[in-house]
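Below is one structure; the comments refer to it alone.
The values are calculated or read from the model by the stated rules, or taken from the named source; none is laboratory data. Source: prediction; values computed, not measured. Neighbour counts run over all protein chains shown; Cβ positions are idealised from the backbone, glycine included. Ligands, DNA and RNA are stripped out before the accessible areas are found, and what is left, the full protein with its side chains, is counted by its heavy atoms. Shrake-Rupley method; radii C 1.70, N 1.55, O 1.52, S 1.80 Å.
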Amino acid sequence: MLSGALTGAVAQEAARAPFLVVDQERILTGSARGADLLAAEEAARDALRATAREIETAFEAEERDLTARRADLSPEDFRRLADDFDGRVVAARAEQDARASALAQDFDQRRRQFYSAVAPILVQVMESLGAQAIFDENSVLLVDQALNITDEVIAAIDRTEDPDAAAVPSPETPGPEAAPAAGSD
């Protein structure tokens, strides 16, 4: 039972209170499951940034090549190549923006799933203490910190297994439309 996991002072104070408080953000950052989620998010962000840097580096090299070839090209040929290059740069940026947006939506969904999985633990703690409600600490103006059960909830989360444990997938590798066409004429 979770009430046995509560520390003496917190259990005594919380057991008399109809209301408890918890820091939702600290539940995410302080629990092992939440830390795993945040680490997976950061790895996915790093992969997305690395892909963007690779694409940018390739486009910079292609731009230098195009600039070096300008003297050997007719104005019409250069304009055609420059317009094609600009179009691919714009498309690659739009694709990266779309990937970043999709990743942010995925992160949001996974955080909602995390908090949904934590809800039964909060219910158990609330019921074991005879409380009527749990409020997020950030939405309460003033509270006796003896009513804060965040550490106990984190400990309870860490004692449970996550049936849906899965890493956040890294962003997809760039498609052919995002990669610069080296040496295209």
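One table, with the values for the structure above:
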| read-out | value |
| --- | --- |
| Residue identified as touching a helix residue (DSSP H, G or I) at 6+ places or on another chain (Cβ under 6 Å), assigned to a helix (DSSP H, G or I) and open to solvent by 40 Å² or more (accessible area, probe 1.4 Å) among 80, 70 | 70 |
| Test: residue in region 158-167 that is over 23 Å from residue 40 (Cβ atoms) and outside any strand (DSSP E or B) | no |
| Which numbered condition residue 65 misses (of (1) open to solvent by 40 Å² or more (accessible area, probe 1.4 Å); (2) under 30 Å from residue 117 (Cβ atoms); (3) touching a residue at least 12 places away in the same chain (Cβ under 8 Å)) | (2) |
| Single match in 114, 135 (criterion: open to solvent by less than 40 Å² (accessible area, probe 1.4 Å) and closer than 22 Å to residue 31 by Cβ) | 114 |
| Counted residues, region 31-42 - those being surrounded by fewer than 15 Cβ atoms within 10 Å (Cβ to Cβ) and out of contact with any helix residue (DSSP H, G or I) (no Cβ under 6 Å at 6 or more places or on another chain) | 3 |
| Counted residues, region 90-111 - those being closer than 18 Å to residue 22 by Cα and exposed (fewer than 15 other Cβ atoms within 10 Å of the Cβ) | 0 |
| Residue match in region 43-54 (condition: at pLDDT 95 or above, within 17 Å of the chain's Cα centre (by Cα), open to solvent by 30 Å² or more (accessible area, probe 1.4 Å) and closer than 30 Å to residue 141 by Cβ) | no |
| Within region 117-131, considering residues that are open to solvent by 20 Å² or more (accessible area, probe 1.4 Å) and at pLDDT 90 or above, the one farthest from residue 17 (Cα to Cα) | 117 |
| Selection from region 34-62 of residues that are in contact (Cβ under 8 Å) with a residue 12 or more places away in the chain and closer than 30 Å to residue 155 by Cβ | 34, 36, 37, 40, 41, 43, 44, 45 |
